[in-house]
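Asker: Okay, handing you the structure first.
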Amino acid sequence: MSCTNQKPKNSLFRTALPITLIAALSVGIFQQAGLFEPSPPTSVDFEPQTVVVPSRAYKYRSDGEFMKGTAPVDAPMKAVVAADNLTITKYQVTASQYAACVLDGGCAPADAPPVTGVEIPVTGVSFDDAVAYARWLSDKTGDYWTLPTDEELAQAAGKRFPDDALGLDPDNKNPAIRWIADYEREARERSKRDPVPRPIGSFGENEFGLADFGGNVWEWTSTCHRRVHLYKNGSVRASEAICGVYITVAGHRSPVSSFIRDPKGGGCSVGTPPDNLGFRLVKSTRWYAPLLRKLRDTGWIA
């Protein structure tokens, strides 16, 4: 009886030992190559407040423009299983936080009037500006900060994430119906516009403690805009990613060119332009985050 119980343990030991040795050897190689240099001590002056969004399964409307034949249709609902918790900044990056990056030479000044006396989200920043800030913050804290993907922002935004569907019959061939529906939606969105940025916390928190999502500051994501062509049965015939144009999200999704700072001046592919452009960041808590940061610093990844 004791021999029978011992055999699986020995088998498990024989399996685990090579994996452990390979992992240890890999870490040693990375250290020798300088990819696992010790991170600088975290500075409380630069570390933003975060919330941890639990791993969960959720559904949300896929990003992109979907076409069936020559007619635009609603994007399909997508089932996502987020296996990991998500650490994301509670608030959008603020004007004072971004100003510290500008003062340090890591970021270009934002195209927004200075505000004193209140803490507001930074606006008047492009995708490129947001990426530069993420790199600067990573260097200052020793962590790996990035813009969230569209899916990650949906995970964090929870019930506040917008559904862009018009709810029309996808087999209807009359383009006027969609044009009218688009016009009515854009008219509703324009009527609700309030472009003046408000102090952080003004738009409340969602069920995960994420603050101000869905207010009047659209948030940059790292997700490229795409055009998807469908067969008649709804399966994908072709998908074209348009990197250089990225998804921004607040009350609705809006694809915006990466260099645009003032969306009201142009640069949007479709729909009503955002009131303001800002961003929040995701912090990687994975064990290989230092390696990712080093690879980004050396230009191996974007």
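The values are calculated or read from the model by the stated rules, or taken from the named source; none is laboratory data. What you see is a predicted model, and the numbers here were worked out from it, not measured in a lab. Glycine gets a Cβ as well: all are built from the backbone with ideal geometry, and neighbour counts include every protein chain shown. These accessible areas exclude ligands, DNA and RNA; they are computed on the full protein's heavy atoms, side chains included. Shrake-Rupley method; radii C 1.70, N 1.55, O 1.52, S 1.80 Å.
Asker: Please go through (1) among the small types (Gly, Ala, Ser); (2) at negative phi; (3) modelled with pLDDT of 95 or more for Ser96 and return the number of the only condition it doesn't satisfy.
Answerer: (3)
Asker: Hey, another quick one. Within the stretch 235-253, is there a residue that is open to solvent by less than 40 Å² (accessible area, probe 1.4 Å), touching a residue at least 12 places away in the same chain (Cβ under 8 Å) and more than 19 Å from Ser126 (Cα to Cα)?
Answerer: Looking for residues that are open to solvent by less than 40 Å² (accessible area, probe 1.4 Å), touching a residue at least 12 places away in the same chain (Cβ under 8 Å) and more than 19 Å from Ser126 (Cα to Cα), one finds none in the stretch 235-253, hence no.
Asker: Condition test on Lys232, is it modelled with pLDDT under 85, within 25 Å of the chain's Cα centre (by Cα) and open to solvent by 30 Å² or more (accessible area, probe 1.4 Å)? Before the answer, list the steps.
Answerer: Working: modelled with pLDDT under 85: yes; within 25 Å of the chain's Cα centre (by Cα): no; open to solvent by 30 Å² or more (accessible area, probe 1.4 Å): yes.
No.
Asker: Out of the residues in the stretch 274-288 meeting the condition of being surrounded by fewer than 24 Cβ atoms within 10 Å (Cβ to Cβ) and of a type in the set (Lys, Arg), tell me which one is farthest from Glu152 (Cα to Cα).
Answerer: Checked the stretch 274-288; the qualifying residue farthest from Glu152 (Cα to Cα) is Arg286.
Asker: Can I ask one more? Between Asp139, Asp129, Asp150, Asp104, which is out of contact with any His (no Cβ under 6 Å at 6 or more places or on another chain) and at pLDDT below 95?
Answerer: Unique residue meeting the criteria: Asp139.
Asker: Would a scan of the stretch 56-72 turn up a residue that is touching a helix residue (DSSP H, G or I) at 6+ places or on another chain (Cβ under 8 Å), at pLDDT 95 or above and either open to solvent by less than 10 Å² (accessible area, probe 1.4 Å) or not in a loop (DSSP other than H, G, I, E, B) (or both)?
Answerer: No: zero hits.
Asker: Would you point out the residue of the stretch 91-112, among those that are open to solvent by less than 20 Å² (accessible area, probe 1.4 Å) and assigned to a loop (DSSP other than H, G, I, E, B), that is nearest to Asp150 (Cα to Cα)?
Answerer: Gln92
Asker: Given the conditions (1) outside any strand (DSSP E or B); (2) open to solvent by 50 Å² or more (accessible area, probe 1.4 Å); (3) not β-branched (Val, Ile, Thr), which single one is not true for Arg227?
Answerer: Unmet condition: (1).
Asker: Taking interchain pairs and intrachain pairs at least six residues apart, which have beta carbon atoms under 8 angstrom, with the first residue in the stretch 46-59 and in contact (Cβ under 8 Å) with a residue 12 or more places away in the chain and the second of a type in the set (Phe, Trp, Tyr)?
Answerer: Sorted first by the residue in the stretch 46-59, then by its partner, the pairs are Pro48/Tyr91; Gln49/Tyr91; Val51/Phe208; Val53/Phe208; Pro54/Phe208.
Asker: Checking Glu207 against (1) touching a helix residue (DSSP H, G or I) at 6+ places or on another chain (Cβ under 6 Å); (2) outside any loop (DSSP other than H, G, I, E, B); (3) not hydroxyl-bearing (Ser, Thr, Tyr), which single condition isn't satisfied?
Answerer: Failing condition for Glu207: (2).
Asker: Within the stretch 110-129, how many residues are of a type outside the set (A, V, I, L, M) and within 20 Å of Pro274 (Cβ to Cβ)?
Answerer: Here the count works out to 9.
Asker: Being touching a Ser or Thr at 6+ places or on another chain (Cβ under 9 Å), within 11 Å of Lys283 (Cα to Cα) and part of a helix (DSSP H, G or I) is the filter here; which residues of the stretch 125-166 pass it?
Answerer: Ala134, Ser138, Thr141
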